[in-house]
Structure formats: structure tokens, C-alpha cells
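The values are calculated or read from the model by the stated rules, or taken from the named source; none is laboratory data. Because the structure is a prediction, the values reported are computed rather than measured. Using ideal geometry, Cβ is built from the backbone for each residue, glycine included, and neighbour counts are taken over all protein chains shown.
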């Protein structure tokens with residue numbers, strides 16, 4: 001489980017912000033430090049898996065709260081779901097691209113920019129509003145829900161699947177199980 005500063009788990013905002021930082025740091029590592037093709041593939045596959053799990057968890061437990069608690073919540077959630085779909089398309093193409101191809105670096109750059117934009121929107125606009133409109137106990141409960149969702153969520157992008165709470169709660173565990181089985185069989189991730 002992720003730990004916030006000071007050794008406590010923190011709330012959902014802390015956890016999702018940490019996820020953003022870790023994903024962006026990993027993408028930066030791919031861009032500037034990694035020359036070994038297998039290492040590049042492993043780093044990208046890892047970050048794709050984490051971003052997919054993060055996105056699914058947000059769609060299941062954070063976006064419904066935003067939709068209910070903010071006057072403009074429906075528009076905000078629709079915008080974020082569109083950004084998730086854009087990220088999924090880039091990640092799906094990145095999965096299919098050999099790390100030795102020039103297109104690989106272009107896609108890493110596209111993913112980085114899309115993720116950075118999405119993270120900035122959430123961290124600068126949405127997360128402060130969550131803290132202002134949702135009590136601390138609920139934010140803590142949301143973190144626990146997000147943690148559980150990440151454990152069963154898909155690990156691969158599925159851009160043609162709906163980005164909705166209902167879909168993820170009904171079909172997500174099965175899709176996640178199949179993704180994790182594919183990951184193990186292919187050696188994609190050590191999870």
C-alpha cells in the first residue's frame with residue numbers, strides 16, 4: 001500500500017497524486033535514462049499497467065463523488081473520461097510498438113504530455129475541490145476503495161470499453177483477471 005509523507009497512508013487525493021508522480025517519473029526515466037530495449041519495454045509496460053489501474057479506480061470511486069458533489073461535476077467527469085480514453089489509445093499503440101522504433105519515443109512523449117495535462121487538471125482544480133467538499137473520513141474511505149479497485153482492475157488499455165463506474169464494477173474484475181493472466185503468460189509484468 002502506498003504511504004504518504006510522515007508514514008501514514010493518506011487519503012485518496014494523496015494516493016492519486018502519488019500515482020501521477022510515479023507514472024511521470026517512470027516515463028521520464030524511459031525518455032532520458034534507458035537505452036536497453038528490454039528495460040524500456042519493461043518500464044513502459046509497468047507504467048501502462050499502473051495508469052490503467054489508476055484510471056479505472058478513479059472512474060469507479062472518485063468520479064461518482066465528483067459528479068454528485070460538484071455543480072459542474074458531470075462535465076468535469078466527462079472531460080476526464082475523454083482524457084482517459086485518449087491516454088488508452090496512446091497506451092494501446094505503445095504496447096504494439098517495438099522499443100527500438102522511433103515511433104516508440106514519440107508515443108512515450110505523447111503519453112507523458114497527456115498524463116501531465118490530466119494530472120495538472122486533477123491536482124490543481126479537482127483535488128482541492130474534493131478536499132473542500134468531502135469530509136476527511138470519506139476521503140480516507142475513498143482511498144481504501146481505490147486501493148481495492150486497483151488490485152482487481154485491468155492492467156492493459158481497452159480503449160473501446162466504456163469508461164464508466166458501472167462497467168468497471170460489473171466487467172472490470174473479469175477483464176482484470178484476463179489481463180493479469182495474459183501478463184503472467186507473456187512475462188509482461190512480475191505481478
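Counted as qualifying within the range 78-155 are the helices (runs of 4 or more DSSP H) with 1 or more residues that are farther than 30 Å from residue 39 by Cα and at pLDDT 95 or above, namely 127-133, 136-152.
For every residue, the table says whether it meets (1) over 15 Å from residue 26 (Cβ atoms); (2) loosely packed, with under 14 Cβ neighbours inside 10 Å; (3) touching a helix residue (DSSP H, G or I) at 6+ places or on another chain (Cβ under 6 Å).
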{"residue": "73", "(1), (2), (3)": "yes, no, yes"}
{"residue": "77", "(1), (2), (3)": "yes, no, yes"}
{"residue": "88", "(1), (2), (3)": "yes, no, no"}
{"residue": "101", "(1), (2), (3)": "yes, yes, no"}
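Restrict the check to the range 44-55 and report whether at least one residue is within 22 Å of residue 125 (Cβ to Cβ) and modelled with pLDDT of 95 or more. Taking every residue of the range 44-55 in turn, none turns out to be within 22 Å of residue 125 (Cβ to Cβ) and modelled with pLDDT of 95 or more. When residue 133 is tested against the conditions (1) more than 16 Å from the chain's Cα centre (by Cα); (2) crowded, with 16+ Cβ neighbours inside 10 Å, the lone failure is (2).
Take the residues in the range 10-43 that are under 21 Å from residue 124 (Cα atoms) and outside any helix (DSSP H, G or I); name whichever of them is modelled with the highest pLDDT. So, considering only residues that are under 21 Å from residue 124 (Cα atoms) and outside any helix (DSSP H, G or I), the one modelled with the highest pLDDT is 11.
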